[in-house]
Amino acid sequence: MSILKVENLSYTYNEGMPGATKALDNINLEIEPGTFVGVIGHTGCGKSTLISHFNGLTKPQSGRILLDGRDIWKDYDDIRQVRFSVGLVFQYPEYQLFEETCYKDIAFGPKNMGLNEEEIDRRVKMAAEFCGVTEKMLAGSPFDLSGGQKRRVAIAGIIAMMPKLLVLDEPCAGLDPEGRELILSQVKNYQQTTGSTVILVSHSMEDIANYADMVLVMENGQVYNYDTTENVFADAENLARMGLGIPDITKVFLKLKEMGVDVGTDVYTIPYAVKSLLKYKEAKRGEKNA
Amino acid sequence: MLKDITIGQHFPGKSPVHNLDARLKIVITVLFVIVRFMSTNFPGLILSGVFVLAMYKLSGIPLKMLKKSIKPLMPLIVFTVILNLFFIKGETPLIKLGFVEIYPEAVMFIIVMISRILLLICGTSLLTYTTSTIALTDGLEALMKPLNKINFPVHEMAMMMTIALRFIPTLIEETEKIMNAQKSRGALLDSGSFSDKIKALVPILVPLFISAFRRAEELATAMECRCYHGGEGRTRLRQLKITNDDIRYTAVCMVTFAVILSMKLFFTRVI
């Protein structure tokens with residue numbers, strides 16, 4: 001059974017007013033447990049509106065959201081239960097930090113869940129480890145940290161709730177390559193260790209290519225495509241038309257193909273690129289020898 | 001929820017009301033408030049009502065906006081009505097229900113009171129609806145210029161107002177974002193006892209203040225980078241100039257106000 005199912009979801013901002021804009025238009029989507037889903041789409045295509053529906057921050061105007069087969073607005077007594085199961089990390093999450101120490105801030109979510117002291121402590125330590133937050137950082141004020149460190153503390157605050165579904169809205173915006181790599185590999189690690197599901201919204205095709213199993217492409221409030229990363233990037237022309245672009249390495253391979261070199265165009269990560277180039281070389285040599 | 005706040009909202013347009021010189025618009029609004037308080041008879045009230053409606057019609061601001069700006073004041077109006085309805089005593093009661101007595105004087109008073117409040121709100125909101133904050137503070141600065149003589153920092157005050165008004169929508173947006181982020185961590189914002197509600201504000205207010213300070217610092221740096229050094233010797237991009245149209249419209253308003261005031265001579269006051 002899918003962990004998250006979206007049925008005929010539509011949402012219009014300023015409904016019935018002049019200047020009404022349709023943000024979501026009849027979205028249908030099913031996400032299988034344990035997948036790492038990348039979400040791409042042009043600015044203003046409805047990505048953020050969609051994910052704010054996942055944990056019940058926005059109530060659907062029409063359609064339903066099913067979490068583990070249960071309608072989040074009908075079958076739960078308290079919408080907070082949904083928010084604990086679907087952890088949502090906003091853009092620039094470091095701006096939500098407020099406690100005196102990082103420890104207390106990470107403990108905010110678990111405390112709201114009504115857990116006991118020991119369990120809270122265990123979860124804070126676990127989340128801190130996943131996010132690379134050191135003991136020293138835990139004891140100190142979050143406001144003394146650097147931007148990237150703050151962000152990791154904020155993400156740890158969500159992970160401490162141990163959500164089944166972790167949704168991240170551009171967690172790497174404004175970070176240097178090393179910081180991006182660190183956060184994404186930690187998220188991937190969390191997903192693989194706990195078997196949870198991750199939804200990652202990103203504008204970086206490289207990040208999506210490197211981490212996502214499945215990719216959701218959105219256009220004008222609709223699902224344009226939801227498929228494996230391979231298949232999505234094979235559709236490079238349409239992605240380019242949407243102004244989305246493709247990973248640099250895929251661009252190289254498309255150009256090679258155009259120049260008459262017989263390589264596949266489903267290449268989107270560097271290791272796979274190396275492999276297919278070696279294969280091509282091998283095949284060429286074979287031809288020569290024959 | 002927070003987006004419903006209409007105070008200080010501006011609706012750009014090209015109507016005569018929009019184009020009227022900001023200084024004159026402020027003066028007219030202030031005079032309107034004074035006239036509204038001095039005039040205490042029904043014909044005057046009706047005339048000012050017509051005046052406000054005509055201004056709205058002229059400015060092209062939808063009347064729906066009126067409803068929106070009155071809505072937050074409903075509790076105040078209801079409170080005034082109830083208070084006055086039972087506590088103003090006249091000679092012969094209109095209705096008598098046990099110990100409750102309602103006098104015709106009270107009803108009259110309430111009608112005048114409500115229309116007064118409504119006209120004041122509608123009249124003054126028209127100023128902000130049709131004037132951009134920049135024009136508004138420019139106008140205020142120009143009007144307060146004489147205060148410079150007594151070493152009052154007019155320009156700095158105007159600049160502070162511009163900045164404050166400019167950041168209201170930004171901070172509202174920021175508050176919504178932070179509220180959503182804390183709600184996602186299971187914060188309870190709208191239930192629980194009074195002390196719970198106060199405690200629930202901490203996770204919102206701390207980040208909000210921090211971001212406000214950060215923004216202030218960034219803005220100060222940006223202003224300094226553009227060599228801002230206060231009002232002295234500063235010239236303006238938008239010069240305020242009074243045109244013939246301005247004079248004409250102001251004259252019309254003045255005549256209307258004079259008529260409203262002169263009604264004092266012919267009609268008896270209600271309160």
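The values are calculated or read from the model by the stated rules, or taken from the named source; none is laboratory data. Predicted model only: the values in this text are computed from it and were never measured. Positions of Cβ are backbone-derived with ideal geometry, glycine not excepted, and every protein chain shown enters the neighbour counts. Areas reflect the complete protein model, heavy atoms only, side chains present, ligands, DNA and RNA absent. Shrake-Rupley method; radii C 1.70, N 1.55, O 1.52, S 1.80 Å.
Quick notes on this one:
- At least 20 Å² of accessible area lost relative to the chain alone, listed for the range A:79-122 with a 1.4 Å probe: A:80, A:83, A:90, A:95, A:96, A:98, A:108, A:112
- 3J(HN,Hα) along the range A:131-136: 9, x, 9, 7, 3, 5 Hz, from the Karplus curve 6.51 cos²θ - 1.76 cosθ + 1.60 with θ = phi - 60°, whole Hz, x for Gly and Pro.
- Ranked by how many other beta carbons lie within 10 Å on average, peptides A:182-192, A:36-46 from highest: A:36-46, A:182-192
- Couplings 3J(HN,Hα) of the range A:229-236, computed from phi: 3, 4, 5, 5, 6, 5, 8, 4 Hz, in residue order, whole Hz [Karplus 6.51 cos²θ - 1.76 cosθ + 1.60, θ = phi - 60°; x for Gly and Pro].
- When the alpha-carbon atoms of the protein assembly as shown are used, the pair Rg, Dmax equals 31.4, 121 angstrom.
- Mean-position separation - Cα centroids, the range B:76-111 and the range B:123-156, in angstrom: 41
- Potential lengthening between residue B:227 and residue B:15 on full extension [0.36 nm per residue; Cα-Cα distance subtracted]: 72.7 nm
- Of interest is the spacing of the C-alpha centroids, which for the range A:216-238 and the range B:215-271 amounts to 54 Å.
- Model label points for residue A:129 and residue A:10, set 7 angstrom from Cα along the Cα-to-Cβ axis, are 4.9 nm apart.
- Each Lys and Arg Cβ is given +1 and each Asp and Glu Cβ -1; about its Cα centre, the protein assembly as shown then shows a dipole of about 2060 debye.
- Put a plus charge on the Cβ of each Lys and Arg, a minus charge on the Cβ of each Asp and Glu, and nothing anywhere else: the dipole of chain B about its Cα centre is then about 380 debye.
- DSSP bridge analysis restricted to the protein assembly as shown gives an antiparallel fraction near 55%, rounded to the nearest 5.
- Accessible area buried by the pairing of B and A, both sides summed with a 1.4 Å probe, works out to roughly 1700 Å².
- Projected area, mean over directions - the range A:37-194, Cα convex hull, nm²: 10.0
- Mean projection of the Cα convex hull over all viewing directions, computed for the range B:131-225: 9.0 nm².
- Volume in Å³ per residue [convex hull over Cα atoms, computed for chain B]: 208
- Heavy-atom accessible surface of chain A: percent carbon and sulfur, 1.4 Å: 49
- Taking the empirical scaling 2.2 N^0.38 Å for compact globular proteins as reference, chain A has a Cα radius of gyration ratio of 1.11.
- With a threshold of 32 Å on the Cα-Cα distance, the over-threshold entries among B:25/B:264; A:104/B:177; A:111/B:71 are A:111/B:71.
- By average C-beta atoms within 10 angstrom, highest first, the peptides B:218-228, A:249-259: A:249-259, B:218-228
- The lysines within cross-link reach of residue A:284, meaning a Cα-to-Cα straight distance under 23 Å and a gap of 8 or more places when in the same chain, are A:251, A:255, A:257, A:275.
- Estimated inter-spin distance, residue B:259 and residue A:117, nm [label 7 Å along Cα→Cβ]: 7.8
- Assigned charges on the beta-carbon of Lys, Arg, Asp, Glu; the range A:247-290 dipole about Cα centre (debye): 160
- Label positions at residue B:82 and residue A:188, each projected 7 Å from the Cα along the C-beta direction, are separated by 6.3 nm.
- Take chain A with all the other protein chains still there, run a 1.4 Å probe, and you get 47 Å² of accessible area per residue.
- Charge dipole of the range A:4-234 about the Cα centre (unit charges at C-beta), most positive-ward option of A:184, A:137, A:101: A:101
- Shielded residues, the range B:185-223 - accessible-area loss of 20 Å² or more between chain alone and all protein chains, probe 1.4 Å: B:185, B:186, B:187, B:188, B:203, B:206, B:207, B:210, B:214
- Normalised by the number of residues in the range A:247-290, the average gap of Cα pairs under 8 Å and 6 or more apart makes the relative contact order 32 percent.
- In the context of the full set of protein chains, chain B has a per residue accessible area of 62 Å² (1.4 Å probe).
- Cα pair distances exceeding 14 angstrom across the range B:119-159, given as percent: 54
- Global form of the range A:247-290, assessed from the alpha-carbon gyration tensor, a/c cut-off 1.5: oblate
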